[in-house]
1. Here are 203, 209: which of them is under 23 Å from residue 268 (Cα atoms) and at pLDDT 95 or above?
2. For region 271-301, what are the residues that are touching a strand residue (DSSP E or B) at 6+ places or on another chain (Cβ under 9 Å), outside any helix (DSSP H, G or I) and closer than 25 Å to residue 22 by Cβ?
3. Taking the conditions exactly as written (out of contact with any helix residue (DSSP H, G or I) (no Cβ under 9 Å at 6 or more places or on another chain), surrounded by fewer than 18 Cβ atoms within 10 Å (Cβ to Cβ) and closer than 26 Å to residue 329 by Cα), does residue 26 satisfy them or not?
4. Only one of 127, 163 is part of a helix (DSSP H, G or I), under 18 Å from the mean Cα position of the chain (by Cα) and within 25 Å of residue 90 (Cα to Cα); which?
5. Looking at 106, 47, which one is modelled with pLDDT of 95 or more, touching a helix residue (DSSP H, G or I) at 6+ places or on another chain (Cβ under 8 Å), assigned to a loop (DSSP other than H, G, I, E, B) and surrounded by 14 or more Cβ atoms within 10 Å (Cβ to Cβ)?
6. Please go through (1) touching a residue at least 60 places away in the same chain (Cβ under 8 Å); (2) farther than 27 Å from residue 275 by Cβ for residue 173 and return the number of the only condition it doesn't satisfy.
7. Criterion first (over 26 Å from residue 169 (Cα atoms), buried (at least 16 other Cβ atoms within 10 Å of the Cβ), in contact with a helix residue (DSSP H, G or I) (Cβ under 9 Å, 6 or more places away or on another chain) and in contact (Cβ under 8 Å) with a residue 40 or more places away in the chain) does residue 63 satisfy it?
8. From the list 68, 93, 126, exactly one residue is buried (at least 17 other Cβ atoms within 10 Å of the Cβ) and farther than 27 Å from residue 40 by Cα. Which is it?
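The values are calculated or read from the model by the stated rules, or taken from the named source; none is laboratory data. Computed from a predicted structure; not experimentally measured. No Cβ is skipped: glycine too gets one built from the backbone with ideal geometry, and neighbour counts run over all protein chains shown.
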Ligand code: XIL
């Protein structure tokens, strides 16, 4: 069944996409694609710590403002990513060795940024990718990051508390990857997420949702039952499920649009079956819209050198079959 979503008034599950600020002034068809196809448009990078505050003295809100104004000015909603992330901690912060100074910088950052966009951003990925990449192998539950080293696991409640102080109405999200697959490694990652949620709640710290990034790998097996159980476990804790960074990483299918798009459609169908089994998620966001621009092209290219086809629209801005599949479910 469908549950009412806080993101869309009509109870439909809204579809959103992350936009790259630096591309917004170029090709108008890029902006058009978002306006035509999205309920939500969010900055892909502009709200990350190291871009907002690259040095202690420089705050650069302009790129994020541009996306927020673009979204709200065109009747869309928007949301933010992310306060705590190993991939966007600026060097000047990493040089801080004193825990009390680090805590002060973190809290000030989250409060200042949260307050600036209060009432505009529907929610925030407060902590992104804090679960250890391979917890069983590494024999640890949290990723070894600057924030963990300087503050310990308490950096997570510190961040959520600051975010709640700054914008009490924002949906506060714990966001992570590799929560979608079959196997002990992925079971362990889901268990760790649930235990972080419980620890926050036991400490009376507000957490509203867990974000499944949804980077779908063709060479991993999506675990429908485990995702369903995870969704139910979150619901029992009063925490919602959202999909935050949907795209396809396919190193497996024979090269070519037809075979890769067939794999993508199968992956998305299975993923949506899992995510929707218990009840509809609150929101589904894809990590970009067109294959012309994607981190997958740069960071996760196919080993055979063939073109990656990670996103709902191809390089000619035509929708893939999986976008139609997705749209039927949302
Ligand atoms: C990526 C962006 O897509 C790139 O443009 C940027 O250079 C690095 O970050 N998981 C995440 C996202 O949580 O924030 C990452 O986004 C992709 C992987």
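1. Criteria check complete, one pass: 209.
2. Answer for region 271-301, where residues must be touching a strand residue (DSSP E or B) at 6+ places or on another chain (Cβ under 9 Å), outside any helix (DSSP H, G or I) and closer than 25 Å to residue 22 by Cβ: 283, 284, 285, 286, 287, 288, 289, 290, 291, 292, 294, 300.
3. no
4. The match here is 163.
5. 47
6. So the condition that residue 173 fails would be (2).
7. No, not satisfied.
8. Being buried (at least 17 other Cβ atoms within 10 Å of the Cβ) and farther than 27 Å from residue 40 by Cα holds for just one of 68, 93, 126, which is 93.
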